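Below is one structure, written out as structure tokens; the observations come after it.
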Amino acid sequence: LFSSMPERDLVAWNSQLSALAQAGHLQEAKDIFSNMPEFDALSFTSMIQCFGQHGLLEDAKYFFLALPHKDLVASTVLLVVLAESGCFHEAKNLFESMECEHLVPATALITAYACNGHLEKAKKLFDGMKERNEVTWTAMLTGYVNNHRLEDALCIFEKMPGHGEIPLIVLVSAYARTGHMLLAKRIFDNSNEKSAIAFNAFLSGFSSNLQLLEAKSVFDSIQERNQSPWSECFLHIPKTGIWIWQIGYS
């Protein structure tokens with residue numbers, strides 16, 4: 001389709017470049033880039049991401065340095081590439097070179113630190129942020145959970161200005177998986193974010209720990225179930241083949 005177009009504007013060129021980059025066709029993407037009559041930040045960002053995801057850091061950095069005006073998106077993409085490749089010093093330097101603090105790159109760096117086990121670095125960056133949103137809080141909480149530091153994760157959760165659905169699910173699921181159902185129940189009971197997904201994550205914890213009566217008690221304690229958007233709720237124990245209940249309501 002692209003080759004048959006009589007005229008190609010920048011949008012068409014970028015679309016083709018992005019498609020090749022996402023598919024991992026590095027040489028084809030490079031050829032398209034070389035033949036483009038004009039570029040914008042998206043063109044360079046596609047190349048940074050393309051080469052960075054395949055471990056070709058020098059190529060990724062080359063395209064970043066060639067970008068005339070280094071915007072937030074391109075900087076964040078390179079930051080993630082560097083951090084995920086273990087180049088934390090370069091990633092930190094890039095982050096500090098940004099003219100002002102942005103939540104997106106800061107959160108990306110926190111996530112990268114945490115994913116690689118550098119929790120102290122992640123926490124130091126987190127503590128130094130002047131502003132945080134739910135995504136930032138969730139990134140720090142998830143980092144602790146994934147590194148099996150549930151007490152620290154709970155501390156982050158309790159300090160959050162608002163307990164969102166995703167942090168609740170992450171924390172409740174983590175405590176449930178490790179058999180700490182009393183703590184999972186306390187967290188769930190104290191939260192205002194009792195959505196269907198959070199509720200089912202909580203019940204699954206009881207299910208996996210074979211605490212069936214407790215699961216039913218929790219279900220029965222939920223108020224105003226007929227006003228819930230949930231269409232049905234299942235609790236199934238595959239190993240025993242027992243279906244505990246199925247309740248449907250509109």
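Computed quantities for the displayed model
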quantity: Residues that are in contact (Cβ under 8 Å) with a residue 24 or more places away in the chain and within 18 Å of Ser18 (Cα to Cα), drawn from the stretch 58-71; calculated: Leu67, Asp71
quantity: Residue within the stretch 97-118 that is in contact (Cβ under 8 Å) with a residue 24 or more places away in the chain, among the hydrophobic types (A, V, I, L, M, F, W, C) and touching a Gly at 6+ places or on another chain (Cβ under 6 Å) present; calculated: yes
quantity: Unique residue being over 17 Å from the mean Cα position of the chain (by Cα), surrounded by 18 or more Cβ atoms within 10 Å (Cβ to Cβ) and closer than 29 Å to Ile166 by Cα when the list is Ala60, Ala108, Ala74; calculated: Ala74
quantity: Among the candidates Ala21, Ala12, residue that is farther than 24 Å from Thr111 by Cβ, without any contact (Cβ under 8 Å) to a residue 40 or more places away in the chain and assigned to a helix (DSSP H, G or I); calculated: Ala12
quantity: Inter-residue pairs, beta-carbon under 9 Å, first farther than 12 Å from Asn146 by Cα and in the stretch 163-177, second part of a helix (DSSP H, G or I) and among the basic types (Lys, Arg), 6+ apart; calculated: Val172/Lys185
quantity: Boolean, Gln27 is in contact (Cβ under 8 Å) with a residue 24 or more places away in the chain and either in contact with a Leu (Cβ under 6 Å, 6 or more places away or on another chain) or surrounded by fewer than 21 Cβ atoms within 10 Å (Cβ to Cβ) (or both); calculated: no
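Throughout, read-outs are computed from the coordinates displayed, never taken from laboratory work. Treat the numbers as computed from the prediction; the structure is a model and nothing was measured. Using ideal geometry, Cβ is built from the backbone for each residue, glycine included, and neighbour counts are taken over all protein chains shown.
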